[in-house]
1. What's the number of the only condition in (1) under 16 Å from Asn359 (Cβ atoms); (2) open to solvent by 40 Å² or more (accessible area, probe 1.4 Å); (3) modelled with pLDDT of 90 or more that Met286 fails to meet?
2. Looking at Arg259 and the list (1) open to solvent by less than 50 Å² (accessible area, probe 1.4 Å); (2) in a loop (DSSP other than H, G, I, E, B); (3) within 16 Å of Ala354 (Cα to Cα), which single condition is not satisfied?
3. Looking at (1) crowded, with 20+ Cβ neighbours inside 10 Å; (2) at pLDDT 90 or above, find the lone condition where Arg221 falls short.
4. Quick one: Gly193 ticks every box in (1) assigned to a loop (DSSP other than H, G, I, E, B); (2) closer than 26 Å to Leu418 by Cα except a single one, so which number is it?
5. Just to check your reading of the model, which residue among Val423, Val394, Val374, Val414 is open to solvent by 10 Å² or more (accessible area, probe 1.4 Å), aliphatic (A, V, I, L, M) and assigned to a helix (DSSP H, G or I)?
6. Can you tell me which residue in region 62-72 is nearest to Ala189 (Cα to Cα), limited to those that are among the hydrophobic types (A, V, I, L, M, F, W, C) and at pLDDT 90 or above?
7. What do you reckon, is Ile183 within 15 Å of the chain's Cα centre (by Cα), modelled with pLDDT of 90 or more, among the β-branched types (Val, Ile, Thr) and more than 13 Å from Ala349 (Cβ to Cβ)?
8. Only residues in region 37-53 that are basic (Lys, Arg) count as the first member; pair them with residues that are outside any loop (DSSP other than H, G, I, E, B), Cβ under 8 angstrom, at least 6 apart or cross-chain, and list the lot.
Amino acid sequence: MFRFAILMMALLAAGCGRVTDSEQLRLCRALLPVLHAEGTDIREIRVAPAAGRAVRIDYAARAPGAERRVHFVACGFAGTTFERDRLDLVALETDQGRLGEVRLLFLKRFLAAAGQEAAQPAPQGLWEIPAAAAYALQQLINALALAAIYALLATAYSMIYGLAGRINLAFGEIAMLGAYGAIGGVAAAVALGLSDPIAGLALALLIAAALAGGWSLAVGRMVVAPLHARHRLGQPILIATVAVALAVSEFVRVSQGSRERWAPPVFNQPLALARAEDFVVTVTPMQIAVALLGLTAAGAVLLLLGRTRFGRSWRAFADDPGTAALFGVDGERLFAATFLLAGLLAGLAGWIVAAYYGNVSFSIGAMLGLKALVAAVVGGIGSVPGAFLGGVCVALIEAAWSAYFDIAARDIVVFTLLIAVFVLRPGGLLGFSGPQPRDV
C-alpha cells in the first residue's frame, strides 16, 4: 500500500508538466494547409505545448516553384484537456505575427464547414511488413486494453474462489462503480484546477480504486462471509451476489440516469510502428500505458502472493483453512484483505474502461463480469496466473473474431468457449485436469 501511495504521489507531481492534447493538435494541424497556397508541400518537424493554453507546431513548407522554408503556428484554446471549452480556438500566432479577430473568425468557420479534418503527417521510414501481418499486428494492439480489463477482473474472481471456493458475481458491477468513480475523479480534477491530464488521471485512479475497494470489502463482509460460514455449498452466495449486482446496477441507473457518461480522450495520438503499403500500424500512448499497468498489476499480485506474509497466509488458508487457523492465520482478516485487494483490481479495470474507451453507463457491468468469469474459467479459476492468461486469451479471441468474422456473433463465440472448456478441461489451462470441478 505504501508503494502504491508513493506511485500516485509521483504521478500527481508529474502533473506539473504539460502534455499535448491530441484533439487540440488535430485542430491545429487542420489549419496548416489554409495558411499557405494551394499545392504547398507541408512536412511536420515537431509539436509541443506552448505558453498558456496553446499547442505549437514547427513545420517546413514549400510552395510550388519556391524554396522550402521553416514556419511555426501556435494555436491557443479556451480550455485544457478536461474542460468543456477545450476545443474552442481563441488565438492563432504564426511566424508572420498574430492573426486578427476577423481572420480568426473565418478560420473557425472554415474548420466547422470542413468538419475539422486534420492533415496527418505521412510517416516516413517505417518498417515494411506483409499486409496480413500488419493487419494481425494492429488487432493485437487493439486487444491490449480489453486484455487488461478481463485479466484484472478474472484475477479478482480467482482470488476469491482460490481462497474460499466461492464465486462473487458482483465484480462486473464493482468495476462499473470504479469506472463511474474515474469519471467523477476527472470532474474533481477540473474543480480542483488540475487541468493536466496526468494529474487528472491519477486522481481518477485513486477515486476509482477507493470506491471499488470499499464496495468489494462491504460485499465480502456483509454478504459473502456470513453465507460462507452458514452453508457448505456456494449456491446461496451465487444468488446473493447476483442480487447485489442487480441492486447496484439499478441504484446507479436511478441515481445517475440511464444515459452514458463521457470523458474527453487523452493520450490517443497514434504513433506509427510499421506499414504495409497504405496501411499503417499504430499504437497510442494510452494503449501502451494500459498494457504496462496490466503487467505491473500482474507482477504485483504474483509477488504479493508468493513473497509476502499475506501471500503465505492466503495459500495456506486456500489449501486447508483448519490447519491454517491452528498456525495463527486469522480467517476473518484474510477474507477482508482479499476482498479489498480484489476490489482494487476491479477498480483498476473500471478506470481503464473510463480512461481508454471514454464512456461508461450503468449497464456495462454485467457483460464485463460475465466475460471476465469466462476468462477466469479458461485460465483455471482459483489460479491467479491462469486468470491473467485467460484474460489475454479471451481478449485475443474477441478481437480476432471482430476483425475477421461477423462481429454480431462475437459474444456467442466467447460464451461458447466457456462451454467447451467445461466439457474438455473443467480446470482450465492452469487449473486441475480432472473430470470433476470443485463445488461452487
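1. Just one mismatch for Met286, condition (2).
2. Only one criterion in (1) open to solvent by less than 50 Å² (accessible area, probe 1.4 Å); (2) in a loop (DSSP other than H, G, I, E, B); (3) within 16 Å of Ala354 (Cα to Cα) is unmet by Arg259, namely (1).
3. Condition (1) is where Arg221 drops out.
4. Every listed condition holds for Gly193 apart from (2).
5. On the way: Val394 fails: open to solvent by 10 Å² or more (accessible area, probe 1.4 Å); Val374 fails: open to solvent by 10 Å² or more (accessible area, probe 1.4 Å); Val414 fails: open to solvent by 10 Å² or more (accessible area, probe 1.4 Å).
Answer to the check: Val423.
6. Phe72
7. So Ile183 passes the test.
8. Cβ pairs passing all conditions: Arg43/Tyr59; Arg43/Ala60; Arg43/Ala61; Arg46/Ile57; Arg46/Asp58; Arg53/Gly76; Arg53/Phe77.
The values are calculated or read from the model by the stated rules, or taken from the named source; none is laboratory data. Remember, predicted model here, so these are calculated numbers, not experimental data. Counting neighbours? That spans all protein chains shown, and the Cβs are built from the backbone with ideal geometry, glycine included. To get the accessible areas, we keep the full protein, side chains included, count just its heavy atoms, and leave off ligands, DNA and RNA. Shrake-Rupley method; radii C 1.70, N 1.55, O 1.52, S 1.80 Å.
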